[in-house]
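Everything on this sheet refers to the single structure shown next.
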């Protein structure tokens, strides 16, 4: 069981558990969660909610970083790519976030090389995937999001 002060992933975002108490209506034990990106918001969910994930350990993070080069880019037609991004995001897997980051980065680099504007769609999913991944990494490493990004980039190179 998780405890007050722990960080968890819920709906792809990092939350801090601030309270555990019985719900007055359902009589079920619940966590009160506060998202890192909006401390004014409180979410109450049952402690047995299957959508709660633990953060990676530092060892799991380093194993994931070692696998980054082997994670394939997404192969999908321009018309279907957004559906694929949505599907991968909904699965909540960190490997999917990396696949989205790699794919959108490469697609936008190709556009730049061809003197075209970057895709708003690709850019939006790139930013989302980066936010989800680097927020978790920043909590694991107890550092800023920029430092988390640098940590991964340095180990991939």
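Summary table below
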item	result
Number of the exception - residue 2 against (1) surrounded by 11 or more Cβ atoms within 10 Å (Cβ to Cβ); (2) not in a loop (DSSP other than H, G, I, E, B)	(2)
Hey, residue 115 free of Cβ contacts under 8 Å to residues at least 40 places away in the same chain and at positive phi or not	yes
Where residue 64 falls short, out of the listed (1) over 19 Å from residue 135 (Cβ atoms); (2) assigned by TED's automatic domain parsing to the domain that holds residue 136	(1)
Within the stretch 23-77, strands (runs of 3 or more DSSP E) holding 2 or more residues that are closer than 20 Å to residue 92 by Cβ and free of Cβ contacts under 8 Å to residues at least 40 places away in the same chain	29-35, 43-46
Residue under evaluation residue 68, criteria (1) over 28 Å from residue 144 (Cα atoms); (2) in contact with a helix residue (DSSP H, G or I) (Cβ under 9 Å, 6 or more places away or on another chain), criterion not met	(1)
The stretch 81-95: number of residues that are in contact (Cβ under 8 Å) with a residue 12 or more places away in the chain and either within 15 Å of residue 130 (Cα to Cα) or surrounded by fewer than 16 Cβ atoms within 10 Å (Cβ to Cβ) (or both)	7
Breaking point among (1) farther than 19 Å from residue 132 by Cα; (2) not assigned by TED's automatic domain parsing to the domain that holds residue 129, for residue 39	(1)
Residue list for the stretch 38-57, restricted to those being surrounded by fewer than 11 Cβ atoms within 10 Å (Cβ to Cβ) and within 21 Å of residue 151 (Cα to Cα)	57
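Conditions (1) loosely packed, with under 11 Cβ neighbours inside 10 Å; (2) over 30 Å from residue 154 (Cβ atoms), marked per residue:
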site: 20; (1), (2): no, yes
site: 62; (1), (2): no, no
site: 79; (1), (2): yes, yes
site: 106; (1), (2): no, no
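The values are calculated or read from the model by the stated rules, or taken from the named source; none is laboratory data. Just so it is clear, the structure is predicted and the values come from calculations on it, not from any experiment. All Cβ positions, even for glycine, are placed from backbone atoms using ideal geometry, and neighbour counts span all protein chains on display.
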